[in-house]
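Peer 1: I'd like to ask some things about the structure below.
The values are calculated or read from the model by the stated rules, or taken from the named source; none is laboratory data. Everything quoted here is computed from the prediction, not taken from an experiment. Virtual Cβ from ideal backbone geometry, glycine too; neighbours counted across all protein chains shown. Only protein heavy atoms, including side chains, enter the accessible area calculation; ligands, DNA and RNA are left aside. Shrake-Rupley method; radii C 1.70, N 1.55, O 1.52, S 1.80 Å.
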Amino acid sequence: MVATDNFQKKSEQARFNLAAYLKERQRLCDTALDQAIPVVYPEKIYEAMRYSLLGGGKRVRPILCLATSEMIGGTLEMTMPTACAVEMIHTMSLIHDDLPAMDNDDYRRGKFTSHKVYGEDIAILAGDSLLALAFEFVATQTPKNVPSERSLQVIARLGKALGAAGLVGGQVVDLESEGKSDISLETLNFIHNHKTTALLEACVVCGGITAGASAEDIQKLTRYSQNIGLAFQIIDDILDITATQEKLGKTPGKDLKAEKVTYPSLWGIEESRAKAQQLVEEACVELAFYGDKAIPLQAIAHFIINRDH
Ligand code: GRG
């Protein structure tokens, strides 16, 4: 973290150990995801699903989901099925994004992409089955002490965040924008509000819903997540320029090669970083109402801009 980061000082005062927190939450998520997909006949598809889902990834989305639930007064047990679902959905979007028909990438999460290992046919199906399982998982695994109305809301929110009004819509505009140097800031914002922010927002909001968040809570959570969503993408764009393949676990420099307009290509790296910092500060202010209970979500917001991969 940068020395001037005020929040770092504040969280140290509160003795909140973000590294230990993230490590423990990653372990809990990895265990739950591992148990979610046993290998049965036809083994190949279950193995392909597990290959992409397990053993990699920062788990930012499920951790955000769990942290939001706890801030609102929920428990890990109540929210873990939703947390697993968002990681399944995120992973499926990465598998499909890496396909030759899309970004055509050979590496993801430090290993070969799904289609490189299993072929395009099985990679498409592995993504499809992770997507289907995500919804089944929320519907069947959410504990009985969570009113089913909340699970219904989670399913509706997730569906909306993924389809043409969310990730898919963002991906379509991204594909259409490739190689065009005159993409406006408005179009760039559209792409990332849909491709990246929509799912991060759903993670936070759905975590809150499982815990019984009120309409006012949802408003605050929405503003927090929209700010961190854009900050996340700005840093993603910067890392594509500055990070190594070893650190990223995927091919760097892809945006430049695909002649994509990005935040750093519009604003430069330093101004982009400053903008991300400002978005995170604003996100943290949105949660001030929750006092110390907001410390994990505020610390995760800072992790998002200080990460190196
Ligand atoms: C959702 C139905 C459906 C289809 C997918 C391919 C596609 C449509 C959308 C692309 C979405 C996409 C890949 C957005 C990029 C989001 C992003 C910044 C990913 C990187 O996330 P990290 O850094 O990755 O959290 P790890 O590996 O740590 O999980």
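Peer 1: Could you list, ordered by first residue, the pairs with Cβ atoms under 9 Å in which the first is in the range 90-101 and farther than 14 Å from L125 by Cβ and the second is assigned to a loop (DSSP other than H, G, I, E, B) and within 6 Å of the ligand (Cβ to nearest atom), at least 6 apart or interchain?
Peer 2: Qualifying pairs under 9 Å: H90/G57; L94/G57; L94/R109.
Peer 1: Looking at the structure I just gave you, is F289 within 18 Å of V205 (Cβ to Cβ) and surrounded by fewer than 21 Cβ atoms within 10 Å (Cβ to Cβ)?
Peer 2: Yes; evaluated as a whole, the condition is true for this residue.
Peer 1: If you go through the range 211-225 one residue at a time, do you hit one that is part of a helix (DSSP H, G or I) and β-branched (V, I, T)?
Peer 2: For the range 211-225, residues part of a helix (DSSP H, G or I) and β-branched (V, I, T): present.
Peer 1: Can you tell me which residue is farthest from L131 (Cα to Cα) among those in the range 175-200 that are open to solvent by less than 40 Å² (accessible area, probe 1.4 Å) and touching a residue at least 40 places away in the same chain (Cβ under 8 Å)?
Peer 2: Filtering the range 175-200 for residues that are open to solvent by less than 40 Å² (accessible area, probe 1.4 Å) and touching a residue at least 40 places away in the same chain (Cβ under 8 Å), the one farthest from L131 (Cα to Cα) comes out as I183.
Peer 1: For the range 201-225, which positions are touching a residue at least 24 places away in the same chain (Cβ under 8 Å), within 13 Å of L287 (Cβ to Cβ) and open to solvent by 30 Å² or more (accessible area, probe 1.4 Å)?
Peer 2: Passing the criteria: K220, R223.
Peer 1: Something else: Could you check the range 48-82 and list, in sequence order, the residues that are open to solvent by 30 Å² or more (accessible area, probe 1.4 Å), part of a helix (DSSP H, G or I) and in contact (Cβ under 8 Å) with a residue 40 or more places away in the chain?
Peer 2: Within the range 48-82, Y51, E70, I72, L76, E77, M80 qualify.
Peer 1: What number of residues in the range 148-161 are within 11 Å of the ligand (Cβ to nearest atom), crowded, with 16+ Cβ neighbours inside 10 Å and farther than 19 Å from N189 by Cβ?
Peer 2: The total comes to 1.
Peer 1: Would you check which residues across the range 127-142 are in contact with a Ser or Thr (Cβ under 8 Å, 6 or more places away or on another chain) and more than 13 Å from the ligand (Cβ to nearest atom) and list them?
Peer 2: V138, A139, T142
Peer 1: Can you confirm whether the range 83-100 contains a residue that is assigned to a loop (DSSP other than H, G, I, E, B) and closer than 30 Å to I295 by Cβ?
Peer 2: no
Peer 1: Just checking, does the range 220-229 include any residue being under 28 Å from E70 (Cβ atoms), away from the ligand (no atom under 13 Å from the Cβ) and aliphatic (A, V, I, L, M)?
Peer 2: yes
Peer 1: Let me ask another. In the range 235-257, what residues are closer than 21 Å to S52 by Cα and open to solvent by 80 Å² or more (accessible area, probe 1.4 Å)?
Peer 2: E246, K247
Peer 1: Against the condition in contact with a Gly (Cβ under 8 Å, 6 or more places away or on another chain) and either more than 20 Å from D255 (Cβ to Cβ) or among the basic types (K, R) (or both), how does G127 come out, does it pass?
Peer 2: So G127 does not fit the description; no.
Peer 1: On to the next question. Taking the conditions exactly as written (hydrophobic (A, V, I, L, M, F, W, C) and either assigned to a loop (DSSP other than H, G, I, E, B) or within 16 Å of the ligand (Cβ to nearest atom) (or both)), does I300 satisfy them or not?
Peer 2: So I300 passes the test.
Peer 1: Restricting attention to the range 83-101, which residues are within 26 Å of A19 (Cβ to Cβ) and open to solvent by 10 Å² or more (accessible area, probe 1.4 Å)?
Peer 2: Answer for the range 83-101, where residues must be within 26 Å of A19 (Cβ to Cβ) and open to solvent by 10 Å² or more (accessible area, probe 1.4 Å): H90, L94.
Peer 1: Kindly evaluate R61 against the criterion of being of a type outside the set (S, T, N, Q), touching a Leu at 6+ places or on another chain (Cβ under 7 Å) and within 16 Å of the ligand (Cβ to nearest atom).
Peer 2: Yes; evaluated as a whole, the condition is true for this residue.
Peer 1: Quick one: how many residues across the range 30-47 are in contact (Cβ under 8 Å) with a residue 12 or more places away in the chain, of a type outside the set (D, E) and surrounded by fewer than 16 Cβ atoms within 10 Å (Cβ to Cβ)?
Peer 2: Matching residues across the range 30-47 total 1.
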